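Student: There's a structure below that I have some questions on.
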Amino acid sequence: MNIELTEEEKKAMRVLKRAAKIWPDSLWLFTNGTICIMRKGENGEHVTNRFGGMDQDYIVETIEGIGSDGGDW
């Protein structure tokens, strides 16, 4: 499939690619419809709660306005 992108779309992707180059290893992204920036645990792991879900205490910031889905392919 050949998808043509607008200049605005291309710019948004360039911004994310630049962010990836400086992204600290101590943080990761989790999405459940809202993008959550999460701190990793002491051993670099994604910290889960007692029910096996992501531990919301490790959310350091949320980003609204970017469509996302936490599902799998």
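Student: What strands (runs of 3 or more DSSP E), lying completely within the range 24-73, carry at least 1 residues that are at pLDDT 95 or above and exposed (fewer than 14 other Cβ atoms within 10 Å of the Cβ)? Please lay out each step first, then the result.
Tutor: Numbers: elements: 27-31, 35-39, 59-63.
The qualifying strands (runs of 3 or more DSSP E) are 27-31, 59-63.
Student: Mind listing whichever residues of the range 17-27 are under 24 Å from Val47 (Cα atoms) and of a type outside the set (Ser, Thr, Tyr)?
Tutor: In the first step, residues of the range 17-27 are kept if they are under 24 Å from Val47 (Cα atoms); the result is 19-27.
The answer is Ala19, Ala20, Lys21, Ile22, Trp23, Pro24, Asp25, Leu27.
Student: Let me ask something additional. Please go through the range 6-31 and give me each residue that is touching a residue at least 12 places away in the same chain (Cβ under 8 Å) and farther than 20 Å from Gly70 by Cβ, ordered by number. So that I can check it myself, show each step before the final result.
Tutor: Residues of the range 6-31 that are touching a residue at least 12 places away in the same chain (Cβ under 8 Å), as a first pass: 25-28, 30-31.
Those that are touching a residue at least 12 places away in the same chain (Cβ under 8 Å) and farther than 20 Å from Gly70 by Cβ: Asp25, Ser26.
Student: Just wondering, is there one or more residues in the range 1-11 that are loosely packed, with under 10 Cβ neighbours inside 10 Å, among the aliphatic types (A, V, I, L, M) and in a helix (DSSP H, G or I)?
Tutor: no
The values are calculated or read from the model by the stated rules, or taken from the named source; none is laboratory data. What you see is a predicted model, and the numbers here were worked out from it, not measured in a lab. Methodologically, a virtual Cβ is constructed for each residue, glycine included, from the backbone with ideal geometry; neighbour enumeration extends over all protein chains shown.
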